[in-house]
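Student: I am attaching a structure below and will ask some questions about it afterwards.
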Amino acid sequence: MLNMAFVIKNTKLNVAEIDIFHDEAGYRAFPTAESVTFDREKLIPIGLLSFNMFDASIDDKVLIALPNLQGIPDGDYGPITYSYIDEQQGWCLDDEYANDDTLEEQDEYLDNYQQAQDEFSANQCLMRRGKKLPLITLGGQPRFGQNWASCLYNELAKNPELDHYYEVTCSLNHPEFEHMSSRDIVYVDEDNKEYTFIGSFKDEAYLVRDSEYLGFAGKFMVFYQPELKKVMLVAEYD
């Protein structure tokens, strides 16, 4: 059994980092209850991803969603997970969150989300400060050196491979930069299950509408474990 850690694999990334602004082949924004089954009281649907773009042998349709819980935009939680249960229940928050009576839902988030959904329905994109805002950034490598990673892995622990990755990718002129910057990086949990990094999205697209706070919006890192059919979200906030 491995300790929880990020693992840099020898394989090359299947999906290079790309910003998604509109519906694309393999990704649909603002999925509805007609296109995917999920707990509509607890989850706010962001997108529906065809996982076969990351692994051609797995044809899962992965719901990317935000829990409608107080404190999400403030980074009050560590990793939060939700899973696909069955055809009847669909995607649901995992028990440790769904059954916690201290967690409060936020109507404000739903109001802001509805505005974003209406804007997308009208324009097929989202605009902020006069520019198109990415719905999500798919693929690429997770960005280390930020607070979110410490929720998953103690960077003070010995990991020479990750130390070497930091050293190489801090310099565009390093002879190994091209190689290391294109490696597949996965997260391995305490049960030795590998989580694929799907990408990231900003909450200003969905939860934050007040222009006063747009410059301070956070980001959600998204991972998927196909064997468990589990999505893991980790928030990055200053």
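Student: Could you sort I85, I8 by accessible area so the largest value comes first, with the probe set to 1.4 Å?
Tutor: I85, I8
Student: For labels at D86 and D19 in the simple 7 Å Cα→Cβ model, what's the distance in nm?
Tutor: Label-label distance for D86 and D19, simple model: 4.4 nm.
Student: Still on this model: Using R₀ = 30 Å, calculate the FRET efficiency as 1/(1 + (r/R₀)^6) where r is the Cβ-Cβ separation of Q114 and E167; round to 0.05.
Tutor: Once rounded, the FRET efficiency stands at 0.05.
Student: So, one more: What list of ³J(HN,Hα) couplings, whole Hz, do you get for the range 178-183 from phi and the Karplus terms 6.51, -1.76, 1.60, once you set θ to phi - 60° and write x for glycine and proline?
Tutor: With the stated coefficients, the range 178-183 comes to 4, 5, 5, 6, 10, 7 Hz.
Student: Using 7 Å Cα-to-Cβ label points, what is the D95/E227 separation (nm, one decimal)?
Tutor: Using points 7 Å along Cα→Cβ, the separation is 2.0 nm.
Student: Go through the range 159-173 residue by residue and turn each phi into a ³J(HN,Hα) via Karplus (6.51, -1.76, 1.60, θ = phi - 60°); whole Hz please, and just put x for glycine and proline.
Tutor: With coefficients 6.51, -1.76 and 1.60, one gets 8, x, 5, 5, 4, 5, 4, 4, 4, 5, 7, 7, 9, 5, 8 Hz.
Student: Taking θ = phi - 60°, what integer Hz values does the Karplus form 6.51 cos²θ - 1.76 cosθ + 1.60 yield along the range 131-142, in sequence order, with x for Gly and Pro?
Tutor: With coefficients 6.51, -1.76 and 1.60, one gets 10, 5, 9, x, 5, 6, 10, 9, x, x, 10, x Hz.
Student: Assuming R0 = 22 Å, can you tell me the calculated FRET efficiency for the pair K132 and K61, based on Cβ-Cβ distance, to the nearest 0.05?
Tutor: Between K132 and K61 the formula returns 0.30.
Student: With a 1.4 Å probe and every protein chain left in place, tell me how much accessible area T32 has, in Å² to the nearest 10.
Tutor: Estimated to the nearest 10 Å², T32 gives 60 Å².
Student: Under a point spin-label approximation (7 Å from Cα along Cα-to-Cβ), what is the T32-K193 distance to one decimal in nm?
Tutor: 3.2 nm
The values are calculated or read from the model by the stated rules, or taken from the named source; none is laboratory data. Note that this is a predicted model, so its numbers are computed, not measured. Please note: Cβ atoms are built from the backbone with ideal geometry, for glycine as well, and neighbour counts cover all protein chains shown. Just the protein is used for accessible areas: all its heavy atoms, side chains included, with ligands, DNA and RNA removed. Shrake-Rupley method; radii C 1.70, N 1.55, O 1.52, S 1.80 Å.
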